[in-house]
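Okay, structure first, notes after.
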Amino acid sequence: MTADALPVIAAVDGSAHSWEALDWAASEAVLRELPLLIVHVRPPTRRKDEEGVLREAEELLAQGVLRASRLAPGLRTSTLTPLDFPSAALISLSRDASMVVVGSRGLGGFRSLMIGSNSLATASMAQCPVVVVHTGRTDESEGEATESFPDIVAGVAADESSGAVLDFAFETAASRPGARLRLVHGWTMFSSMLSGGPVFDTDAAAASAERALAELTAGRRERYPQLEVVREPVRGSASRTLVTASATAALTVVGRRKGGESLGLGLSPVAQTTVTHALGPVAVIPT
């Protein structure tokens, strides 16, 4: 780890979901040999209440540091409690982070929602990868153990736009002993036609998608020869495959287009569906 290594940021608010995010972030920081920055964002409040809110924030962060130290002794940890709206603060901090890790919902989340608005906004507009931690646990089941899985699953387009997704997915899988990398690519006859591939021959279109994936990953396979890589071209949208795969994956990786945030275009339909309905942690990578 270099002295200027960018930290893994874990956002906490005291909810069970945020503690799960902290646990995941601490473990990932150890795997990547990066420092951990635990952040609790204080929303704007009345001046007379600021002292009490700050005191509660400091107590919460102290709990976070203790929790992280128990999980990962020796991990370099720091804290920050900015005064701002949660997603705005995390998006700003993402400029100087290796990744931001958030829970699927916070204290203010409706139980009927799979993902909270702050988590979704952060994943849509951050300048670095954002991991949304879904574990399937509820606030009442915080103490229950969750089963762990080794696979890393990545949703990729069969072109150069998936470069950042592939880089992140390969690096993440390679850092986990025994992990397998599954690359999921959705294709249709229409997408085949647009890319100059077969128009009427389904078998030929499927073979073309397989070849495109092989070409896209060839160089990376050489850099990670020890890593088992499974290519999965899927006819139709990749969303269903990614959501299903997320239930038995250590992490599901998807990309988002960078530059369309001001128009609300940060997440593609595949990424939006995966982040919203995933059954495990999802990493959203700016591309």
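General observations
- Sole exception among (1) surrounded by 16 or more Cβ atoms within 10 Å (Cβ to Cβ); (2) modelled with pLDDT of 95 or more for Ala62, by number: (1)
- Boolean, Pro35 is in contact (Cβ under 8 Å) with a residue 24 or more places away in the chain and open to solvent by 60 Å² or more (accessible area, probe 1.4 Å): no
Residue-wise test of (1) touching a residue at least 40 places away in the same chain (Cβ under 8 Å); (2) of a type outside the set (A, V, I, L, M, F, W, C); (3) over 21 Å from Leu120 (Cβ atoms).
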{"position": "Ala207", "(1), (2), (3)": "no, no, yes"}
{"position": "Leu213", "(1), (2), (3)": "yes, no, yes"}
{"position": "Glu222", "(1), (2), (3)": "no, yes, yes"}
{"position": "Arg231", "(1), (2), (3)": "yes, yes, yes"}
{"position": "Arg235", "(1), (2), (3)": "yes, yes, yes"}
{"position": "Arg240", "(1), (2), (3)": "no, yes, no"}
{"position": "His277", "(1), (2), (3)": "yes, yes, no"}
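- Residues in segment 15-32 that are hydrophobic (A, V, I, L, M, F, W, C), farther than 21 Å from Glu58 by Cβ and open to solvent by 10 Å² or more (accessible area, probe 1.4 Å): Trp24, Val30, Leu31.
- Condition met for Pro177 (open to solvent by 40 Å² or more (accessible area, probe 1.4 Å), without any contact (Cβ under 8 Å) to a residue 24 or more places away in the chain and of a type outside the set (S, T, N, Q)): yes
- Condition broken by Val230, with the remaining ones in (1) under 23 Å from Ala21 (Cβ atoms); (2) out of contact with any Pro (no Cβ under 6 Å at 6 or more places or on another chain) satisfied: (1)
- Checklist (1) open to solvent by 60 Å² or more (accessible area, probe 1.4 Å); (2) within 22 Å of Ala174 (Cα to Cα); (3) modelled with pLDDT of 90 or more applied to Tyr224, failing item: (1)
The values are calculated or read from the model by the stated rules, or taken from the named source; none is laboratory data. Source: prediction; values computed, not measured. FYI the Cβ positions are ideal-geometry reconstructions off the backbone, even for glycines, and counts take in every protein chain you see. For accessibility, only protein heavy atoms count, side chains too; no ligands or nucleic acids. Shrake-Rupley method; radii C 1.70, N 1.55, O 1.52, S 1.80 Å.
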